[in-house]
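These notes are about the structure you will find just below.
The values are calculated or read from the model by the stated rules, or taken from the named source; none is laboratory data. For clarity, every value in this text was computed on a predicted model and none was experimentally measured. Cβ sites come from the backbone with ideal geometry, for glycine too, and all protein chains shown count toward neighbours. Each accessible area value is taken on the protein alone, full model and side chains, heavy atoms only, with ligands, DNA and RNA left out. Shrake-Rupley method; radii C 1.70, N 1.55, O 1.52, S 1.80 Å.
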Amino acid sequence: MSDTSSTNGRRIIVFDTTLRDGEQSPGATLTADEKLVVADALVELGVDVMEAGFPAASPGDFEAVRSIATRVKGCTVAGLARANKNDIERAAMAVKPAESPRIHTFIATSDIHLEYKLKKTRPEVLEIVTNMVGLAKSFTSDVEFSAEDATRSDWDYLVQVFSAAVAAGATTLNVPDTVGYTTPLEYAALIEYLNAHVVGSENVVFSVHCHDDLGLATANTLAAVAAGAGQVEVTMNAIGERAGNTSLEEVVMALDTRGQQFGGCHTGIVKNRLVPTSRLVSQLTGLVVAPNKAIIGANAFAHEAGIHQDGMLKNPDTYEIMKPTDVGWEGTRLVIGKHSGRAGFRNALEQTGIRLDDEQFAVAYQRFTELADRKKTVTAADLIALVEDQLEAEISTFHLVRWSASIGTGDQASASVVVRKGDQEVAGDGVGNGGIDALLEAIDSAIGIPCELEEYHVEAVTPGEDAQGLVRLRVRSGGNLYTGTGLATDVVEASARAYLAALSKVVNGQTTGEIPGPVSSVSRWS
Ligand SMILES: [Zn+2]
């Protein structure tokens with residue numbers, strides 16, 4: 001029920017930072033392969049700029065940005081850099097293979113950051129801006145400059161800083177509300193002020209980047225667009241530092257649904273890719289979307305109250321301002337089964353935006369038919385879980401060959417397991433209180449890597465008693481933390497797969513990179 005003919009107003013640039021700011025959400029670390037999967041989905045979603053990461057942060061980040069820059073077509077790829085020589089050179093090298101590379105450099109401008117974090121004076125920072133934006137410009141014509149903590153900075157100093165950045169070659173000026181402090185009216189006034197006073201503002205794009213510490217990120221972003229901002233920095237599912245970033249889906253659908261309120265401003269986002277992309281990001285980051293989240297929450301288009309159901313049955317516009325299918329909710333549930341065959345399975349994968357090479361497809365199809373034998377209906381969520389588990393298993397060192405467990409009232413449970421490592425098989429036995437505990441003990445005796453179970457979560461991939469169980473766990477070994485996920489219709493088996501995936505990372509040194517807190521090993525089944 002859009003109130004706009006969407007081509008009248010300005011075309012707003014969508015700068016997605018799910019793979020940079022989004023991935024900075026605690027616990028959301030993505031492997032390089034997972035980042036590529038997300039990058040593909042963002043291209044299909046139609047983002048204009050993709051901030052792929054922070055190349056100077058780590059060799060892994062550098063490689064991830066570079067492989068995304070090499071692969072992505074039809075979208076600008078940006079690398080983030082602090083305003084220093086090393087960061088900018090690393091970013092330049094990482095985005096170099098891109099069809100359209102951008103260097104995004106930043107330095108703080110608020111007095112609180114200058115005094116406590118940078119320990120620099122305003123004139124010193126001004127000089128750094130000129131030199132480092134100039135350096136970035138020597139590598140790419142597309143340079144974005146951000147004044148970190150801009151919304152708590154002095155406005156006239158900001159004018160100086162941005163004018164210097166434009167003079168040094170910046171083409172996009174980003175005005176971050178780094179700590180989620182501003183309000184819609186104040187932010188709009190700041191954008192108007194900068195537009196009016198920055199020297200050369202007519203030749204650059206003003207960009208906005210908001211955090212949700214007061215729950216105002218989307219409102220602030222939209223107010224800034226109405227005030228003249230031409231680029232919005234957003235993340236899928238609003239993930240990001242602390243309380244998160246501005247939500248891509250909310251800004252896109254607010255402009256699409258209430259365009260007249262924003263002078264007909266519109267984006268190039270493919271709306272019906274919103275829900276599939278949201279699901280993918282949630283699945284890969286492990287950050288679950290709240291059911292009441294706007295547009296992409298499971299309940300966003302669910303109507304419980306009888307009166308609502310009555311209205312809906314008479315005319316959906318009574319209680320819906322958008323059509324669920326417009327944003328990618330399946331009108332009908334995606335139902336595939338053992339009679340679907342390869343074609344049906346391939347179609348279902350494409351519908352969920354998953355691409356596999358022939359070898360991967362063959363393995364996935366095998367697992368799908370096994371699942372379809374055990375489960376009445378297989379949903380899109382099942383497919384994503386299945387493929388994610390397969391990708392994890394591909395890089396796994398340990399593979400579950402077979403297992404058994406016997407449990408009974410009062411007795412200690414016992415289990416035995418056979419695990420394959422390369423072409424070698426090892427067996428183990430274990431006892432414990434409960435099948436899972438006994439089986440993990442059996443794996444310990446088979447593999448013998450000392451570790452502590454730090455966290456254990458199990459969730460059903462879909463509703464229903466025949467649901468696949470998805471286990472996520474974290475183990476601590478040698479002072480580091482390692483995560484593992486495992487999938488099976490039997491939660492005991494899913495736990496074993498997750499445990500083996502985590503132990504594989506111990507062997508491959510793939511830590512989560514987090515500093516573990518005090519030892520609080522989960523007594524497996526208190
Ligand atoms: Zn941010």
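Just one of the numbered conditions (1) open to solvent by less than 40 Å² (accessible area, probe 1.4 Å); (2) within 16 Å of the ligand (Cβ to nearest atom) is not true of Gly268: (2).
Determine whether the range 53-63 contains at least one residue that is aromatic (Phe, Trp, Tyr) and over 30 Å from Val159 (Cβ atoms). There is at least one residue in the range 53-63 that is aromatic (Phe, Trp, Tyr) and over 30 Å from Val159 (Cβ atoms).
Residues checked against (1) in a loop (DSSP other than H, G, I, E, B); (2) surrounded by fewer than 21 Cβ atoms within 10 Å (Cβ to Cβ); (3) touching a strand residue (DSSP E or B) at 6+ places or on another chain (Cβ under 7 Å); (4) at pLDDT below 95:
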| residue | (1), (2), (3), (4) |
| --- | --- |
| Gly79 | no, no, yes, no |
| Asp87 | no, no, yes, no |
| Pro97 | yes, yes, no, no |
| Phe106 | no, no, yes, no |
| Tyr116 | no, yes, no, no |
| Ala147 | no, no, yes, no |
| Val175 | no, no, yes, no |
| Thr182 | yes, no, no, no |
| Tyr187 | no, no, yes, no |
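Within the range 42-56, how many residues are more than 16 Å from the ligand (Cβ to nearest atom) and open to solvent by 10 Å² or more (accessible area, probe 1.4 Å)? Counting residues in the range 42-56 that are more than 16 Å from the ligand (Cβ to nearest atom) and open to solvent by 10 Å² or more (accessible area, probe 1.4 Å) gives 5. Of all residues in the range 230-242, those that are more than 14 Å from His211 (Cβ to Cβ) have Cβ atoms under 9 Å from Cβ atoms of residues that are within 14 Å of the ligand (Cβ to nearest atom) and in a helix (DSSP H, G or I), 6 or more apart or on another chain, in Met236/Gly22; Met236/Leu248; Asn237/Gly22; Asn237/Leu248.
With respect to Leu248, is the statement that it is more than 16 Å from the ligand (Cβ to nearest atom), open to solvent by less than 40 Å² (accessible area, probe 1.4 Å) and modelled with pLDDT of 95 or more true? Before you say what the answer is, go through the steps one by one.
Numbers: more than 16 Å from the ligand (Cβ to nearest atom): no; open to solvent by less than 40 Å² (accessible area, probe 1.4 Å): yes; modelled with pLDDT of 95 or more: yes.
No, not satisfied.
Among the residues of the range 438-454, is any crowded, with 18+ Cβ neighbours inside 10 Å, modelled with pLDDT of 85 or more and part of a loop (DSSP other than H, G, I, E, B)? Within the range 438-454, one or more residues are crowded, with 18+ Cβ neighbours inside 10 Å, modelled with pLDDT of 85 or more and part of a loop (DSSP other than H, G, I, E, B). Any residue in the range 163-172 that is within 16 Å of the ligand (Cβ to nearest atom) and of a type in the set (Gly, Ala, Ser)? Taking every residue of the range 163-172 in turn, none turns out to be within 16 Å of the ligand (Cβ to nearest atom) and of a type in the set (Gly, Ala, Ser).
Are any residues in the range 113-155 without any contact (Cβ under 8 Å) to a residue 12 or more places away in the chain, in contact with a helix residue (DSSP H, G or I) (Cβ under 6 Å, 6 or more places away or on another chain) and not basic (Lys, Arg), and if so, which ones? If the condition is that a residue be without any contact (Cβ under 8 Å) to a residue 12 or more places away in the chain, in contact with a helix residue (DSSP H, G or I) (Cβ under 6 Å, 6 or more places away or on another chain) and not basic (Lys, Arg), then no residue fits. For the range 397-419, a residue qualifies if it is surrounded by fewer than 16 Cβ atoms within 10 Å (Cβ to Cβ) and either over 14 Å from Glu493 (Cα atoms) or outside the structural domain of Leu500 (by TED's automatic domain parsing) (or both), and the qualifying residues are Gly408, Thr409, Gly410, Asp411, Gln412.
Of the residues making up the range 57-67, those that are open to solvent by 30 Å² or more (accessible area, probe 1.4 Å) and of a type in the set (A, V, I, L, M, F, W, C) number 1.
Residues of the range 22-40 being of a type in the set (Gly, Ala, Ser) and either within 16 Å of the ligand (Cβ to nearest atom) or in contact with a Pro (Cβ under 6 Å, 6 or more places away or on another chain) (or both), which ones? Break it down stepwise before answering.
Restricting attention to the range 22-40, the residues satisfying the condition of being of a type in the set (Gly, Ala, Ser) are 22, 25, 27-28, 32, 39.
Residues satisfying the conditions are Gly22, Ser25, Ala28.
In the range 28-76, of all residues being under 14 Å from the mean Cα position of the chain (by Cα) and of a type in the set (D, E, K, R), the one that is farthest from Arg279 (Cα to Cα) corresponds to Glu51. Checked against the criterion of being in contact with a helix residue (DSSP H, G or I) (Cβ under 8 Å, 6 or more places away or on another chain), modelled with pLDDT of 80 or more and crowded, with 16+ Cβ neighbours inside 10 Å, the candidates Val327, Val378 yield just one match: Val327. Could you say whether any residue in the range 179-200 is within 15 Å of the ligand (Cβ to nearest atom) and within 18 Å of Val143 (Cβ to Cβ)? Looking for residues that are within 15 Å of the ligand (Cβ to nearest atom) and within 18 Å of Val143 (Cβ to Cβ), one finds none in the range 179-200, hence no. Filtering the range 407-458 to residues that are among the charged types (D, E, K, R) and without any contact (Cβ under 8 Å) to a residue 24 or more places away in the chain leaves Asp411, Arg420, Asp423, Asp429, Asp444. Selection of first residues in the range 297-320 that are in a loop (DSSP other than H, G, I, E, B) and of second residues that are at pLDDT below 85 and aliphatic (A, V, I, L, M), restricted to Cβ pairs under 7 Å at least 6 apart or on distinct chains, gives the following pairs, ordered by first then second residue: His303/Met312; Tyr319/Met312. Residues in the range 1-21 that are modelled with pLDDT of 95 or more and either assigned to a loop (DSSP other than H, G, I, E, B) or within 16 Å of the ligand (Cβ to nearest atom) (or both): 10 in all. Restricting to the range 212-236, what's the tally of residues that are open to solvent by 10 Å² or more (accessible area, probe 1.4 Å) and either within 13 Å of the ligand (Cβ to nearest atom) or on the phi > 0 side of the Ramachandran plot (or both)? So the count comes out to 4.
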